[in-house]
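The values are calculated or read from the model by the stated rules, or taken from the named source; none is laboratory data. Since we're looking at a predicted model, the values are computed, not measured. Note that each Cβ is placed from the backbone with ideal geometry, even for glycine, and that neighbours are counted across all protein chains shown.
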Amino acid sequence: MAEQNPIFTYGCTHCHIDFLQSRDFHNDCRGQTLTQPTSASAQPGQTVSLSCKASTSVSNALHWYHQIAGQTPKLLISYATTRESGIPERFSGQYSGTDFTLQISGVQPEDAGYYYCQQSYNLPLTVIKS
């Protein structure tokens with residue numbers, strides 16, 4: 001069977017990058033840190049979970065965005081679990097304490113791109129491009 005290339009990937013770049021032994025990137029803005037893995041991949045139809053961990057409580061004020069290269073970021077999920085109007089049901093958000101997850105059930109080719117988690121609980125706002 002021929003090897004298939006993954007159609008879904010995400011990587012991590014943002015300001016104030018620290019590359020740690022754990023292979024996580026951190027964005028530290030006045031003590032608030034959001035942490036995400038560096039990449040993920042999946043075949044069409046698979047389920048992918050993207051994680052975002054806050055170093056301190058942000059309540060449910062965590063938002064998820066998707067960006068395709070050359071396009072404006074699109075808000076997918078606001079306040080951890082609220083899917084925005086027009087966003088397919090395959091996107092869902094969950095959280096427990098300071099651990100947040102964006103789940104994509106049945107990944108589609110158009111889901112490829114960068115994913116941001118952004119907190120709006122503490123100032124300044126903290127955004128991670130993943």
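Some notes on this structure:
- Taken over region 54-77, residues that are surrounded by 14 or more Cβ atoms within 10 Å (Cβ to Cβ) and free of Cβ contacts under 8 Å to residues at least 40 places away in the same chain amount to 5.
- Within region 50-96, the set of residues being closer than 17 Å to residue 35 by Cβ and not in a strand (DSSP E or B) comprises 55, 56, 57, 58, 61, 80.
- Some residue of region 10-27 being under 13 Å from residue 118 (Cβ atoms), at pLDDT below 90 and part of a strand (DSSP E or B): yes
- Of all residues assigned to region 29-37, none qualifies as being touching a Gly at 6+ places or on another chain (Cβ under 7 Å) and either modelled with pLDDT of 85 or more or farther than 22 Å from residue 112 by Cα (or both).
- Residues satisfying the stated conditions in region 31-42, i.e. in contact with a Phe, Trp or Tyr (Cβ under 8 Å, 6 or more places away or on another chain) and exposed (fewer than 15 other Cβ atoms within 10 Å of the Cβ): 38, 39, 41
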